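The values are calculated or read from the model by the stated rules, or taken from the named source; none is laboratory data. What you are looking at is a predicted structure, and each value in this text was computed from that prediction instead of being measured. Counting neighbours? That spans all protein chains shown, and the Cβs are built from the backbone with ideal geometry, glycine included.
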Amino acid sequence: MSSTVLVVEDEPAIQELIAVNLGFAGHKVLRADDAEQAQFLISAELPDLILLDWMLPGASGLNLARKLRADERTRDIPLIMLTAKGEEQDKVDGLEAGADDYITKPFSPKELMARIKAVLRRRAPQLTDDRIEGAGLVLDPATHRVSGNGQGLTVGPTEFRLLHYFMAHPERVFSRGQLLDNVWGDHVFVEERTVDVHIRRLRKALEPTGHDRLVETVRGSGYRFTFRPGQV
Ligand code: CA
């Protein structure tokens, strides 16, 4: 599945190499040469993942990582630090600043792509093509199909994304605002009651096999998907 990756790297050759490889893999790429430009891009569009070089002109990558982690809007963005340093202390500093992973230059494009996939799988499984199943419900992002107890279910595009998000984050209560940010996209101006409309449609789509009961309304808070992945 395509996701938006922000590359913050001041060395043009490395930035280009990364951007080309991400493009080949089907990702949308945003590029910044320094922390300031990165923050400007992030304020306009929240990326799904950030590749952040440690040594940047002006504010360091480490400094930006700390800032991103301190801000509620950007706190959960998966973050991989890129660096020429191989010292153990730098790695510790990077991880303490909130990086999810750390890649030491020089790295091969293959290694980079594998790390990105691993971080996305861990931090944002709804952005991967991994099949999710449980409680007789199967969602396959690659084929865009949903089935319940082996029976195909017709799920609209927004409901599909909503269901994917729920299945990737089971048992967690999400407010309407959180669902809007994470499923519709940050900076998309949609009224919160739109969420209720799509929740109703999702329940209706899951009704034929009784899986609508997995979508729970949590009074005063939002919605929860009650589900244990892997349990068929
Ligand atoms: Ca650099």
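Points worth noting:
- Residues that are polar (S, T, N, Q) and closer than 17 Å to ALA124 by Cα within the range 43-88 comprise just one, THR74.
- Look at (1) among the small types (Gly, Ala, Ser); (2) away from the ligand (no atom under 12 Å from the Cβ); (3) in contact with a helix residue (DSSP H, G or I) (Cβ under 9 Å, 6 or more places away or on another chain); (4) over 30 Å from ALA142 (Cβ atoms) and you find that ALA25 fails only one, number (4).
- Residue selected from the range 21-53 under the condition charged (D, E, K, R) and more than 15 Å from the chain's Cα centre (by Cα), by the criterion surrounded by the most Cβ atoms within 10 Å (Cβ to Cβ): ASP53
- The single condition from (1) within 18 Å of GLU11 (Cβ to Cβ); (2) at pLDDT 90 or above; (3) more than 14 Å from the ligand (Cβ to nearest atom) that LEU64 fails is (3).
- Matching entry among THR128, THR226, THR209 (being within 21 Å of the chain's Cα centre (by Cα), touching a residue at least 24 places away in the same chain (Cβ under 8 Å) and more than 30 Å from ASP101 (Cβ to Cβ)): THR226
- Matching residues in the range 205-232 - criterion: being out of contact with any helix residue (DSSP H, G or I) (no Cβ under 7 Å at 6 or more places or on another chain), outside any loop (DSSP other than H, G, I, E, B) and over 16 Å from TYR165 (Cβ atoms): GLU207, PRO208, THR209, ARG213, THR217
- Highlighted here would be strands (runs of 3 or more DSSP E) found entirely within the range 85-182 that include at least 3 residues which are surrounded by fewer than 15 Cβ atoms within 10 Å (Cβ to Cβ), but there are none.
- Test: residue in the range 190-209 that is among the hydroxyl-bearing types (Ser, Thr, Tyr) and buried (at least 16 other Cβ atoms within 10 Å of the Cβ): yes
- Taking every residue in the range 54-75 that is aromatic (Phe, Trp, Tyr) and pairing it with any residue that is assigned to a loop (DSSP other than H, G, I, E, B) and within 12 Å of the ligand (Cβ to nearest atom), at least 6 positions away or on another chain, the pairs with Cβ-Cβ distances below 9 Å are TRP54/SER60; TRP54/ALA84; TRP54/LYS85.
- Per the conditions (1) modelled with pLDDT of 90 or more; (2) in the same structural domain as MET55 (by TED's automatic domain parsing), the sole criterion not satisfied by GLY98 is (1).
- Of all the criteria given as (1) in a loop (DSSP other than H, G, I, E, B); (2) closer than 22 Å to VAL183 by Cα, the one not satisfied by ILE42 is (1).
- Residues satisfying the stated conditions in the range 108-119, i.e. over 12 Å from PHE24 (Cβ atoms) and without any contact (Cβ under 8 Å) to a residue 12 or more places away in the chain: SER108, GLU111, ALA114, LYS117
- As a summary of the residue check, PHE160 satisfies the conditions (1) more than 24 Å from PRO47 (Cβ to Cβ); (2) of a type in the set (A, V, I, L, M, F, W, C); (3) modelled with pLDDT of 95 or more except for the one numbered (1).
- Looking only at residues of the range 1-20 that are under 18 Å from the mean Cα position of the chain (by Cα) and surrounded by 19 or more Cβ atoms within 10 Å (Cβ to Cβ), we find that the one that is farthest from the ligand (Cβ to nearest atom) is SER3.
- Within the range 23-37, residues that are in the same structural domain as MET113 (by TED's automatic domain parsing) have Cβ atoms under 9 Å from residues that are modelled with pLDDT under 90 and surrounded by 19 or more Cβ atoms within 10 Å (Cβ to Cβ) in these pairs: GLY26/SER3; HIS27/SER3; LYS28/SER3, counting only partners at least 6 apart in sequence or on another chain.
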